[in-house]
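The values are calculated or read from the model by the stated rules, or taken from the named source; none is laboratory data. Quantities reported herein were computed from a predicted structural model and do not represent experimental measurements. Cβ sites come from the backbone with ideal geometry, for glycine too, and all protein chains shown count toward neighbours. Note: areas computed on protein heavy atoms with side chains; ligands, DNA, RNA excluded. Shrake-Rupley method; radii C 1.70, N 1.55, O 1.52, S 1.80 Å.
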Amino acid sequence: MKYCQDKKFQTEIEMDIGERLKKVREFLGLTQEEFAQKLDTTQAVISNYERGARVPTVDFLNRLTRIFHL
């Protein structure tokens, strides 16, 4: 996120995305591993997204909406 110079704001955005992703996964009744398999990624990637350690890619978000009709 080069356009965001405020690290605190950036961290808050990342956590918000991660929290929302976790809520979707839990609503679907899936473990991180099951969710990852359906999205063609790894459990570690899902964990990083949910914890806010990484921001989901556009490709990942597109797969999420396409596969789960969100």
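Quick notes
- Identity of the residue in the stretch 55-69, in a loop (DSSP other than H, G, I, E, B) and touching a residue at least 24 places away in the same chain (Cβ under 8 Å), that ends up farthest from Arg25 (Cα to Cα): Val55
- Taking the numbered list (1) assigned to a helix (DSSP H, G or I); (2) open to solvent by 70 Å² or more (accessible area, probe 1.4 Å); (3) modelled with pLDDT under 65 in turn, Glu34 passes all entries but (3).
- Scope the stretch 37-61; condition open to solvent by 80 Å² or more (accessible area, probe 1.4 Å) and of a type outside the set (Asp, Glu); matching residues: Gln37, Lys38, Arg51, Arg54, Val58
- Verdict on Gln5 being of a type outside the set (Ser, Thr, Tyr), outside any helix (DSSP H, G or I) and either more than 19 Å from Thr65 (Cβ to Cβ) or modelled with pLDDT under 95 (or both): yes
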